[in-house]
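Read the structure below first, then the notes.
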């Protein structure tokens, strides 16, 4: 028996639209072109092969049938997916066609600016807790338009389904007991898949990583303040830090629409209010460039329609979660967030993985702005009072008479405007330039008290008595969270001993030195439920995120009962996901990639055997853009003997 003879198709067949040319070679090496239907709807190989044997005709017909079956479905002939065999009868005997996908055949590719996964969970990776990565409950499927990866298990109720369509589903642990659909579905791999950012559980990606946050720190952005317009009923929430939920809610007031203009936001409500960190939105929240509804001169409340309230082609928002901050989607919420128009991943929601603490800073000297106010009876203060507003060698005298009489001078207007909201004042040093010039030497030392609008920082701290003009420095022990900006006051008091005659104290000035640590960026607490859609209050909430979500340390829980709906349009990286009660009306993919991504061409080898004897082999390529099987080509063929 002679060996196989091989011929190659003409180069001109590449690029032909809806035409498959299958050239079959007879035993004697004569090439005869197969004829195809010019309409291209069905692949049909011409049945006239001249003097070819019935065996050749049977092999051609079987490959024709196999090609037509593979053509309309991207999953058929994809690498890693079982490619079916076909067996038919003929006058020459039973014909079997086996299908072997080539390396890379039909691989989904999200594109250069899209995430690789529609849904990726980190639970089970080093540094993360164990447990279930994806949980699906209810009577209807959760649709995912893209690849799914769980680094632990996938739990699906028996009457539910996780449906990734033609995209692959991979789980390190088990899947079920309900059905999991994908192409292919591979569970119990025992192998984890690294975080798409390439960083560990406590390490934030940095530029040029496409997953890097736009807020790098170490200092948090400046504290921002929302404003509610009672006429338009629109509250504007500008970019910046929001470190106190109660403060934010007061600023939002009674406005029914909240607009977050394009920019970067840092939400860490627990800095100022550790027990109040869940922001429940039960109205309309729009993030990004408005799509036609917003005008600062609008006469009344605008009409905001979701979806479509933010322009996905223009600048959007980047929202960073720190520590325990959470977003709760109330039963009547309409939330639409458009991501940044630049950046490979266009991350809308970002959870920090590491804590950055800024270096301590010092303000010195901090001097009073207000003239001194003398107190105590009897007490006199020699003018001019401005002499004690700075330690400059220009002094003022305070005089008291009477046994144990006390005199004091209070100075106000020590401004801490330069200390950012949310800073921690770690040390307060008080410098007092003073002198006792007459009277019996005081045995009860002069004392200093420093107060904030919220209370005293230090009270009656002793200052050493001196008979020469000396600057004495005393330290107030403090660890004050600076969340109520206002000017400090300092009171310097002195007491006459129990002796005859007046006591005169000379005061040059009282200055402060303030050391503080600005608010930094805090890691998102591991396991916090960062986004939660609850049931109640109407059950018609909508949450649409037109950008990627990167919350690898946080859980997301979505209860889609009744008319609740959530769409994460550019995929999500989460610690874990729970989806419950998916309604039958849920038509959009809960998690997806733009346009479903693209696919490499499918390339398969089809071998026809008649009664186990190899007869014909063809290499077929399917061009799957824009649709499956848009074009079909025969790239190589062999007649087998």
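The values are calculated or read from the model by the stated rules, or taken from the named source; none is laboratory data. Source: prediction; values computed, not measured. Don't worry about glycine lacking a Cβ; one is built from the backbone with ideal geometry, like all the others, and counts go over all protein chains shown.
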| Could you list, in sequence order, the residues of the range 321-343 that are crowded, with 16+ Cβ neighbours inside 10 Å, over 13 Å from the mean Cα position of the chain (by Cα) and part of a loop (DSSP other than H, G, I, E, B)? | 324, 330, 331, 332, 333, 341, 343
| query | From the list 593, 577, which one is at pLDDT below 90 and either crowded, with 24+ Cβ neighbours inside 10 Å or in contact with a helix residue (DSSP H, G or I) (Cβ under 9 Å, 6 or more places away or on another chain) (or both)? | reply | 593
| field | Residue list for the range 484-500, filter: within 22 Å of residue 369 (Cβ to Cβ) and either assigned to a loop (DSSP other than H, G, I, E, B) or more than 51 Å from the chain's Cα centre (by Cα) (or both) | value | 484, 485, 486, 487, 492, 493
| What number of residues in the range 85-116 are under 22 Å from residue 63 (Cβ atoms), assigned to a loop (DSSP other than H, G, I, E, B) and modelled with pLDDT under 85? | 5
| field | Enumeration of residues in the range 183-204 that are in contact with a strand residue (DSSP E or B) (Cβ under 8 Å, 6 or more places away or on another chain), on the phi < 0 side of the Ramachandran plot and part of a loop (DSSP other than H, G, I, E, B) | value | 184, 187, 189, 193, 195, 196, 197, 201
| task | Starting from residues that are surrounded by fewer than 23 Cβ atoms within 10 Å (Cβ to Cβ) and in contact with a strand residue (DSSP E or B) (Cβ under 7 Å, 6 or more places away or on another chain), keep the ones in the range 562-574 and report whichever is farthest from residue 330 (Cα to Cα). | result | 567
| field | residue 82 vs. criteria surrounded by fewer than 18 Cβ atoms within 10 Å (Cβ to Cβ), part of a loop (DSSP other than H, G, I, E, B) and in contact with a helix residue (DSSP H, G or I) (Cβ under 8 Å, 6 or more places away or on another chain) | value | no
| query | Which condition breaks for residue 426 when tested against (1) modelled with pLDDT of 90 or more; (2) more than 11 Å from residue 510 (Cα to Cα); (3) exposed (fewer than 15 other Cβ atoms within 10 Å of the Cβ)? | reply | (3)
| note | Scanning the range 240-256 for residues that are part of a strand (DSSP E or B) and either at pLDDT below 95 or surrounded by fewer than 23 Cβ atoms within 10 Å (Cβ to Cβ) (or both) gives 240
| Candidates 407, 412, filtered to the one that is surrounded by 14 or more Cβ atoms within 10 Å (Cβ to Cβ), at pLDDT below 85 and closer than 19 Å to residue 368 by Cβ | 407
| remark: The number of residues in the range 608-637 that are in a strand (DSSP E or B), over 43 Å from the mean Cα position of the chain (by Cα) and surrounded by fewer than 20 Cβ atoms within 10 Å (Cβ to Cβ) is 5
| Number of the exception - residue 231 against (1) assigned to a loop (DSSP other than H, G, I, E, B); (2) within 22 Å of the chain's Cα centre (by Cα); (3) more than 18 Å from residue 348 (Cβ to Cβ) | (2)
| The lone exception for residue 167 - which of (1) assigned to a loop (DSSP other than H, G, I, E, B); (2) modelled with pLDDT of 95 or more it fails | (2)
| task | Please tell me if residue 155 is touching a strand residue (DSSP E or B) at 6+ places or on another chain (Cβ under 9 Å), in contact (Cβ under 8 Å) with a residue 24 or more places away in the chain and either on the phi > 0 side of the Ramachandran plot or buried (at least 22 other Cβ atoms within 10 Å of the Cβ) (or both). | result | no
| query | With 124, 133, 176 as the choices, which residue is assigned to a strand (DSSP E or B) and at positive phi? | reply | 176
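Rundown of residues vs (1) surrounded by fewer than 23 Cβ atoms within 10 Å (Cβ to Cβ); (2) within 30 Å of residue 523 (Cα to Cα), yes/no style:
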position: 70; (1), (2): no, no
position: 98; (1), (2): yes, no
position: 123; (1), (2): no, yes
position: 130; (1), (2): yes, yes
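Residue-by-condition table, conditions (1) closer than 23 Å to residue 542 by Cα; (2) under 20 Å from the mean Cα position of the chain (by Cα); (3) in a loop (DSSP other than H, G, I, E, B); (4) without any contact (Cβ under 8 Å) to a residue 24 or more places away in the chain:
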position: 221; (1), (2), (3), (4): no, yes, yes, no
position: 264; (1), (2), (3), (4): yes, yes, no, no
position: 275; (1), (2), (3), (4): no, no, yes, yes
position: 280; (1), (2), (3), (4): yes, yes, no, no
